[in-house]
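Dropping the structure in here first, questions after.
What follows draws every value from the coordinates through simple rules; no lab data is involved. What you are looking at is a predicted structure, and each value in this text was computed from that prediction instead of being measured. Here Cβ is always computed from backbone atoms with ideal geometry, including for glycine, and neighbour counts include all displayed protein chains.
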């Protein structure tokens, strides 16, 4: 019978030590993220398309959230059929790698250590994709396809980012 109180004491001690081993608070094992509203994503896409139209380019514009999910996709009437997928993949790439696709194109050129990135499905390392960030946090990315060069796609993307800059600095 003396074993029972001893076993109970051991279980109580074990239970107390397990309680101490738990995280300090539930907040320590969770985190909060900031998401871009669909309205803000649309505003960026429309501004980028407007900028491309003003220079005579028919393009597609995609805006993705921080996980690469498409929030907005616009395709101008005469933009090539391939441009919708290319714009989406450029935006996905910029969000996934948290860098502009022009910089990624340079970093992943043939013969570099990072060249294998170009073999990842959906990774499109050509100009036209830029991350959308606010206060050091990634909110998403914008991708443009259809202008005659990556530099021209980048210029349109920058116009989209400029249109929402004031709303991003919260």
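For residue 167 and residue 76, FRET efficiency with R0 = 25 Å and r from the beta-carbon atoms, rounded to 0.05?
Computed FRET efficiency for residue 76 and residue 167: 0.55.
Distances longer than 20 Å among the Cα atoms of segment 38-168: what percent of all pairs is that?
So the pairs more than 20 Å apart make up 35 percent of the total in segment 38-168.
Modelled label-to-label distance, residue 58 and residue 46, 7 Å Cα→beta-carbon offset: nm?
2.2 nm
Ranking request for peptides 109-117, 59-67: highest mean number of other beta-carbon atoms within 10 Å first, then the rest in descending order.
59-67, 109-117
Can you tell me the length gained on complete extension of the stretch residue 98 to residue 134, counting 0.36 nm per residue apart and subtracting the Cα distance?
11.7 nm
Follow-up. Report the extension gain between residue 32 and residue 67 in nm, rounded to one decimal, defined as 0.36 nm multiplied by the number of residues separating them, less their alpha carbon distance.
This chain segment gains 11.2 nm when fully extended.
Based on alpha-carbon centroids, what's the gap between segment 31-83 and segment 119-168 in Å, whole number please?
Cα centroid to Cα centroid, the span is 9 Å.
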